[in-house]
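The values are calculated or read from the model by the stated rules, or taken from the named source; none is laboratory data. Bear in mind that the values here come from a model prediction, so they are computed numbers and not experimental data. Positions of Cβ are backbone-derived with ideal geometry, glycine not excepted, and every protein chain shown enters the neighbour counts. Just the protein is used for accessible areas: all its heavy atoms, side chains included, with ligands, DNA and RNA removed. Shrake-Rupley method; radii C 1.70, N 1.55, O 1.52, S 1.80 Å.
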Amino acid sequence: MSPVVRQIARSLSAELHNASVNGRPVRAVGAASAMAARIAVDAGFDALWVSGLEVSTMLGLPDENVLSSRDLADTVLALRRAAGLPVIVDIDNAGGTVAAAGRIGFDLARAGAAALCLEDSAYPKTNSFSLHRDQELAEMELVRGQLKELRARGGDQLVLIARTEALICGGTLQEAIIRAETYVAGGADAVLIHSKDPTGQQALQTASAWKGNAPLVSVPTAFPTLDARMLGKAGFSLAIYANQLSRAAMHAMREAAEDFRSTGRFDPDRLADVQDLLQVGNPDARASL
């Protein structure tokens, strides 16, 4: 980890702890490209999230432990070129072994990641919202071993977020908290108790029940009615908007393509300028369009 990234990681850790006091969560948004990173900076987000789902989608791969550490590291490097925000990487279950976690921690820390998020899904993982396969949980001792190896290989400054899929798999809130507490004892700096309850009530109950010292993280994909202010008031220190920019881009591209199919042309009013594209790689670039 470079001195610059080390300082970014320290600042991120401090912001997570401060958020529990000031009630304003750090807001991270999914970015699978330098273009998305620039948009995130312009919109005032605090951090970038490298989503396994988004990167898999961009590469035409299933979200099932197919990504390598090189795929993730290349994405981190692209984001770091375009933005100075902390980069938090979704490493899924880190390949399901302690050795694989070690490689991932080493590679991503040196690529410029400030934080890694390890989940306790069994190998091979399935997406939390999938209907075609059931999610299963890994043994807690395996996850503790992976956290230890991530720390050893990634360095002391790397922020480690432990994510439990216990609620996703139908477990109780108490079971999820036991897992989260176990991971904090094993070296996690923050915990994410994932929920797909669309009402958001399960997330709010989680925040109320969490009594640990580690900052609490939310991924409100399933419950968008809980805005950042509400999440902060409930006690969440980090809100991760994991895939919204990719979904927005896909929706806009589909609409533009459908419009072309019906009209035979692209409406310039629905397109970004060519200069916008050039400035992702060169902020000083100028173009006639």
(message) Could you check the stretch 227-241 and list, in sequence order, the residues that are open to solvent by 10 Å² or more (accessible area, probe 1.4 Å), in a loop (DSSP other than H, G, I, E, B) and in contact with a Leu (Cβ under 9 Å, 6 or more places away or on another chain)?
(response) Gly235
(message) Please go through (1) under 19 Å from Leu118 (Cα atoms); (2) open to solvent by less than 60 Å² (accessible area, probe 1.4 Å) for Gly23 and return the number of the only condition it doesn't satisfy.
(response) (1)
(request) Six or more apart or on different chains, Cβ under 7 Å: which pairs go from a residue in the stretch 18-36 that's under 23 Å from Asn243 (Cα atoms) to one that's open to solvent by 30 Å² or more (accessible area, probe 1.4 Å) and among the basic types (Lys, Arg)? Could you list them? (result) Ala34/Arg81
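Out of the residues in the stretch 10-34 meeting the condition of being assigned to a loop (DSSP other than H, G, I, E, B) and small (Gly, Ala, Ser), tell me which one is nearest to Ala47 (Cα to Cα). Write out each step before concluding.
In the first step, residues of the stretch 10-34 are kept if they are assigned to a loop (DSSP other than H, G, I, E, B); the result is 23-25, 31-33.
Still in the running and small (Gly, Ala, Ser): 23, 31-33.
Working: Gly23: 17, Ala31: 10, Ala32: 13, Ser33: 14 Å.
Result: Ala31.
Of the residues in the stretch 130-147, how many are part of a helix (DSSP H, G or I) and either of a type in the set (S, T, N, Q) or open to solvent by less than 70 Å² (accessible area, probe 1.4 Å) (or both)? Show your work before the answer.
Going through the stretch 130-147, the residues part of a helix (DSSP H, G or I) turn out to be 140-147.
Next cut, either of a type in the set (S, T, N, Q) or open to solvent by less than 70 Å² (accessible area, probe 1.4 Å) (or both) only: 140, 142-143, 145-147.
Adding up the residues that qualify gives 6.
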(request) Scan the stretch 1-24 residue by residue and report those that are touching a Pro at 6+ places or on another chain (Cβ under 9 Å) and under 17 Å from Leu231 (Cβ atoms). (result) Glu15, Leu16, His17, Ala19, Ser20
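For every residue, the table says whether it meets (1) of a type in the set (Val, Ile, Thr); (2) closer than 23 Å to Leu48 by Cβ; (3) not in a strand (DSSP E or B).
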residue: Leu108; (1), (2), (3): no, yes, yes
residue: Cys117; (1), (2), (3): no, yes, no
residue: Ser128; (1), (2), (3): no, yes, yes
residue: Glu149; (1), (2), (3): no, no, yes
residue: Ala176; (1), (2), (3): no, no, yes
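Does Gly60 qualify as being within 24 Å of Val217 (Cα to Cα) and in a loop (DSSP other than H, G, I, E, B)? Lay out the reasoning, then the answer.
Details: within 24 Å of Val217 (Cα to Cα): no; in a loop (DSSP other than H, G, I, E, B): yes.
Answer is no for this residue.
For the condition under 30 Å from Glu181 (Cα atoms), at pLDDT 95 or above, open to solvent by 20 Å² or more (accessible area, probe 1.4 Å) and in contact with a helix residue (DSSP H, G or I) (Cβ under 8 Å, 6 or more places away or on another chain), what is the one hit in Leu216, Leu204? Before the answer, list the steps.
Working: Leu216 fails: open to solvent by 20 Å² or more (accessible area, probe 1.4 Å).
One residue alone meets the criteria, Leu204.
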(message) Given (1) charged (D, E, K, R); (2) open to solvent by 50 Å² or more (accessible area, probe 1.4 Å); (3) at pLDDT 95 or above, identify the lone condition not met by Lys211.
(response) (3)
(request) Would you check if there is a residue in the stretch 72-81 being surrounded by fewer than 21 Cβ atoms within 10 Å (Cβ to Cβ) and of a type in the set (S, T, N, Q)? (result) no
(message) List the residue pairs whose Cβ atoms are under 6 Å apart, where the first residue sits in the stretch 178-199 and is modelled with pLDDT of 95 or more, the second is open to solvent by less than 10 Å² (accessible area, probe 1.4 Å) and of a type in the set (Asp, Glu), and the two are 6 or more positions apart or on different chains.
(response) His194/Glu165
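Anything in the stretch 248-277 that is within 24 Å of the chain's Cα centre (by Cα) and surrounded by 14 or more Cβ atoms within 10 Å (Cβ to Cβ)? List them, or say none.
Initially, the stretch 248-277 is screened for residues within 24 Å of the chain's Cα centre (by Cα), giving 248-253.
Within the stretch 248-277, Ala249 is the sole residue that qualifies.
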